[in-house]
1. Can you confirm whether the stretch 196-215 contains a residue that is more than 21 Å from Glu134 (Cα to Cα) and in contact with a His (Cβ under 8 Å, 6 or more places away or on another chain)?
2. Within the bounds of the stretch 193-210, is there any residue that is among the charged types (D, E, K, R) and over 30 Å from Thr72 (Cβ atoms)?
3. Looking at the structure I just gave you, is Arg149 under 30 Å from Glu246 (Cα atoms) and in the same structural domain as Thr69 (by TED's automatic domain parsing)?
4. Filtering the stretch 231-247 down to residues that are in a strand (DSSP E or B) and within 16 Å of ligand 1 (Cβ to nearest atom), which residue is surrounded by the most Cβ atoms within 10 Å (Cβ to Cβ)?
5. How do the pairs read when you match residues in the stretch 86-101 that are on the phi > 0 side of the Ramachandran plot with residues anywhere that are assigned to a loop (DSSP other than H, G, I, E, B) and within 16 Å of ligand 1 (Cβ to nearest atom), using Cβ under 9 Å and keeping only pairs 6 or more apart or on different chains?
6. Just give me the residues in the stretch 127-155 being small (Gly, Ala, Ser) and either more than 16 Å from ligand 1 (Cβ to nearest atom) or in contact (Cβ under 8 Å) with a residue 60 or more places away in the chain (or both), in sequence order.
7. Could you tell me whether Pro108 is under 29 Å from Phe218 (Cβ atoms) and either among the β-branched types (Val, Ile, Thr) or more than 16 Å from ligand 1 (Cβ to nearest atom) (or both)?
8. List the strands (runs of 3 or more DSSP E) inside the stretch 53-166, counting only whole elements, that have at least 2 residues being over 25 Å from Val200 (Cα atoms) and away from ligand 2 (no atom under 16 Å from the Cβ).
Amino acid sequence: MAGIRSPGMVYVTTFHGPSFLFFFVAEIDEGSSVMKKTKLFIFLVACSLMCANSVEAAGFKISLGIRETGSTMPIFGNGGSSGGIEWVDKDAQTLTADGTWQLFTFTPNAAGALSAFAGGTADSLLSTDTGTIEHIRLLNDEGITAPFRVWIDDVTNTVASGPVVENFDSAALASEVMFNEPDFSGSTAGNLVAGGTTAVTDAMAFSGSQSLEVATQFNSNNPAGWLRLTTFNAANLPNPTVIFREPGAPNPTISFYAKATVIPEPASVLLMGISVIGLGFVRNRS
Ligand SMILES: [Ca+2]
Ligand SMILES: [Ca+2]
């Protein structure tokens, strides 16, 4: 029985990554059976997943900025806004924008962890035992220009006496807690589309029922562009005190969970587009 060899071509663009052409050839028996159609459908789904895997790695480098204020407040109390700022593990971890919660942990007193950002005591060395979380740094190293959202939950300072956690579960919905809106900081507002928001939400949570949602967008694909998501005098829980070093005890850590999505999510759009093409292809062949 003669078969039909049908070439096809799909043009795929990933919004922030490379565009490419995807070729496929499917062979269908003229007396096409359900089995043949099923094979073709599986083939198209496999192609879709291969393409989707190639774009799911989109994300941002994520790191922490700490301010050496020498705060005497309890953990997450207002520790003030004077003192140098050091980065911890600058750009060493990746927040993958795949919609999953990911844990990020920073140890300011670990050897080689710090690099200087700004201020008199910014010398890549720990100058005080206590201070504040000054910002979360997001580096747009992949040049993403689509709008994106980041959710943050369970900001934790783990010290010898145990972990202290801010879980956003008792905060007022829509309020800014701990972190300001994304374009608050003059250091990086020029890298962003104006109008981004930071707000407690009950639409997403790692713990309990609430987390903090940040919605923003880089205004260029400059891989050096970054966001300083600062705690500077925030409306609630500003300049949160953390302990960097406890003499005679294991190194304290600062950690949080984060998840991110780029809008529209490239993999979903890609799957939808190829599925539509695939369904049309199957219909034409039958
Ligand atoms: Ca220092
Ligand atoms: Ca929570």
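1. Here is the first cut: in the stretch 196-215, the ones more than 21 Å from Glu134 (Cα to Cα) are 201-210.
If we keep only those that are in contact with a His (Cβ under 8 Å, 6 or more places away or on another chain) too, we end up with none.
No, the stretch 196-215 contains no residue that is more than 21 Å from Glu134 (Cα to Cα) and in contact with a His (Cβ under 8 Å, 6 or more places away or on another chain).
2. Narrowing the stretch 193-210 to residues among the charged types (D, E, K, R): 202.
Those left that are additionally over 30 Å from Thr72 (Cβ atoms): 202.
Looking for residues that are among the charged types (D, E, K, R) and over 30 Å from Thr72 (Cβ atoms), one finds at least one in the stretch 193-210, hence yes.
3. Here the answer is no, as Arg149 does not meet what is asked.
4. Start the filter on the stretch 231-247 by keeping residues that are in a strand (DSSP E or B), which leaves 236, 240-243.
Narrowing further to those that are within 16 Å of ligand 1 (Cβ to nearest atom): 242-243.
Numbers: Val242: 26, Ile243: 24.
The residue in question is Val242.
5. Asp89/Thr107; Asp89/Ala110; Asp89/Ala113
6. So the first thing to find is which residues in the stretch 127-155 are small (Gly, Ala, Ser), and the list is 127, 131, 143, 146.
Once the filter is applied, which keeps residues that are small (Gly, Ala, Ser) and either more than 16 Å from ligand 1 (Cβ to nearest atom) or in contact (Cβ under 8 Å) with a residue 60 or more places away in the chain (or both), the stretch 127-155 yields Gly131, Gly143, Ala146.
7. Details: under 29 Å from Phe218 (Cβ atoms): yes; either among the β-branched types (Val, Ile, Thr) or more than 16 Å from ligand 1 (Cβ to nearest atom) (or both): no.
Here the answer is no, as Pro108 does not meet what is asked.
8. Numbers: elements: 59-67, 85-96, 102-106, 114-118, 130-139, 148-159, 162-166.
Answer list for the stretch 53-166: 85-96, 114-118.
The values are calculated or read from the model by the stated rules, or taken from the named source; none is laboratory data. All of these numbers come straight from a predicted model, not from anything done at the bench. Don't worry about glycine lacking a Cβ; one is built from the backbone with ideal geometry, like all the others, and counts go over all protein chains shown.
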